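Asks: Handing you a structure now.
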Amino acid sequence: MSSFTEVNETASVNAISIAVVGPDDGRRNAVASALGGSEEPNTLDPEQSGVVLTIQEFLSYPLELNDLPQILAQHFDVVFVDLDGDTDYALDVVEGLSRWSSATVMVYSARANRDLVIRCIRAGAREFLNLPLAPGDMAGALARVPIRDPSLSRIQSAAGKLFVFLGAKGGCGVTTVATGFALSLAQASGQRTLLIDFGLPLGDAALQLGMLCDYSTQNALEDWRRLDGSFLRSLLAEHVSGLSVLAAPGEFPKSRAPLQAIDKLMTVARQNFHYVVVDAGSRLDLMHSSLFGDSTYLYLVTQAGISELRNANRLIAQFFSTRGHKLQVVLNRHMPHAKGFDDEQVAKDLTRPAQWKVLEEDATDGATQHPAISLAHDDSPAAKSIRQMARAACGLPPLAERRKNFRLFR
């Protein structure tokens, strides 16, 4: 049930549909008037542009954020949200719209300061309009509305699932496991799947897939303020399996990307893909980004060694003790009969059993040119473990074990 009260709707066949949401009549009317063709210079002229705006006003914020996909996002190309009525809740509305829909979200306020602007950017707002509007402000904001791919759904029932692979220690093989998982996930699910390599400064996920990529995460993060679905897709390379890849840069970045750039990349990626897989290497500097948010499914990759298990134990105790089923431990290069590292001892060291074990014999084959591809296609125990992980992640039943036929003789 909508919590909105609607007013002032005009309709047109060839139009950009716009919603203005705000409890204050004066601020809302100022935005609607600027949209509706005031005599300001540079106001969008339908006769010159061939585009007509349809405007619908909402007199209040929604009572429930869960109403957003059904009430707003599926009907509008652009949504303006008033920040001054209830700033914290308004930002929740902005974040919900940015996550659940392809609508361009803009905010307006009679007060502007650096902290508020940063919060808006992190929530996913594309434009910040400061009231009173100066001539040309509205036309400029509308001119920057991206043209979306009409083949994409305008709304998702929820954001795409995010799977992050983190190494307890450098050299645990997190890239091989993450890349093999992403490839298996794309093939098993048949859904749009994206692999992002954050193994900076020089990740090798693309190399393990046998791919050459023209663009990288650095291109997305350097220009993150204009990042949207169209821009992201222009940076991606596609594997023959259908897996999309945003590779790590091939050279050392000149500067470190801010966390809000990473958050924006994750938001846009989840809006446009059913599954997003991230190789985070062992980058604990990203711990406060949305990569490790509550909705993330985290795979902690470790090995049965003293330093690896110690690091994994510390990470679980300090950062991940309350994640429940959304934390899964992957014991890579596992040797079942290793002395001193049996299943009971490993579970004790980690404070929980390892959900997945990738055996040593095939986890990293020196003769294999592209190990991630091998993990997605081979019949080795290691490859089967990766495929079972991927199937579980997308809700498919485990693959049936092939049974050998034996003849009994008397």
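Asks: Provide the FRET efficiency to the nearest 0.05 for the residue 63-residue 295 pair, computing r from the beta carbons and using R0 = 35 Å.
Replies: My answer for the efficiency is 0.95.
Asks: What is the order of 175, 351, fewest Cβ neighbours within 10 Å to most?
Replies: Final ranking by Cβ density, sparse to dense: 351, 175.
Asks: What residues qualify as long-range amide H neighbours of residue 20, i.e. H under 5 Å apart, gap of 5 or more or another chain, H built at 1.01 Å from N?
Replies: 56, 57, 58, 80
Asks: Fewest to most neighbouring Cβ within 10 Å: what's the order for 360, 344, 308?
Replies: Arranged by neighbour count, lowest to highest, 360, 344, 308 become 344, 360, 308.
Asks: Skipping prolines and chain starts, which residues have an amide H placed within reach, meaning under 5 Å, of the one on residue 301, given they are 5 or more residues away or on another chain?
Replies: Long-range HN contacts for residue 301: 166, 167, 168, 330.
Asks: Please list, in order, the residues from region 188-225 whose amide nitrogen is less than 12 Å from a point placed 7 Å along the Cα→Cβ vector of residue 285.
Replies: 199-202
Asks: Now for a different question. Taking the beta-carbon count within 10 Å as an exposure proxy, list 254, 384 from fewest neighbours to most.
Replies: 254, 384
Asks: Sticking with this one: Would you mind counting up the charge near residue 324? Only other residues with Cβ under 15 Å from its Cβ, with Lys and Arg at +1 and Asp and Glu at -1.
Replies: +2
Asks: 7 Å from Cα along Cα→Cβ at both residue 351 and residue 233: what's the point-to-point distance in nm?
Replies: About 4.4 nm separates the two model spin labels.
Asks: Then there's this: List every residue whose amide H lies under 5 Å from the amide H of residue 278, counting only residues 5 or more places away in sequence or on a different chain, with H placed 1.01 Å from N in the peptide plane.
Replies: Counting only residues 5 or more places away or on other chains, the set is 163, 164, 165, 196.
Asks: Any idea what the dipole of region 161-393 comes to, in debye rounded to 20, about its Cα centre with Lys/Arg Cβ at +1 and Asp/Glu Cβ at -1?
Replies: About 720 debye.
Asks: From the phi of every residue in region 81-96, what ³J(HN,Hα) in whole Hz does the Karplus formula 6.51 cos²θ - 1.76 cosθ + 1.60 yield, where θ is phi - 60° and glycine or proline is x?
Replies: My calculation for region 81-96 gives 10, 6, 8, 7, x, 7, 4, 4, 5, 4, 5, 5, 4, 4, 5, x Hz in order.
Asks: For region 166-182 and region 221-298, what is the centre-to-centre distance using only Cα atoms, to the nearest Å?
Replies: Using only Cα atoms, the two centres lie 16 Å from each other.
Asks: Another question, then. Between residue 342 and residue 52, what is the label-point separation in nm under the 7 Å Cα-to-beta-carbon projection?
Replies: In this crude spin-label approximation the distance works out to 7.8 nm.
Where a number appears in this text, it was derived from the coordinates with a stated rule and is not lab data. Everything quoted here is computed from the prediction, not taken from an experiment. When we count neighbours, we look across all protein chains shown, and the Cβ atoms used for this are built from the backbone with ideal geometry, even at glycine.
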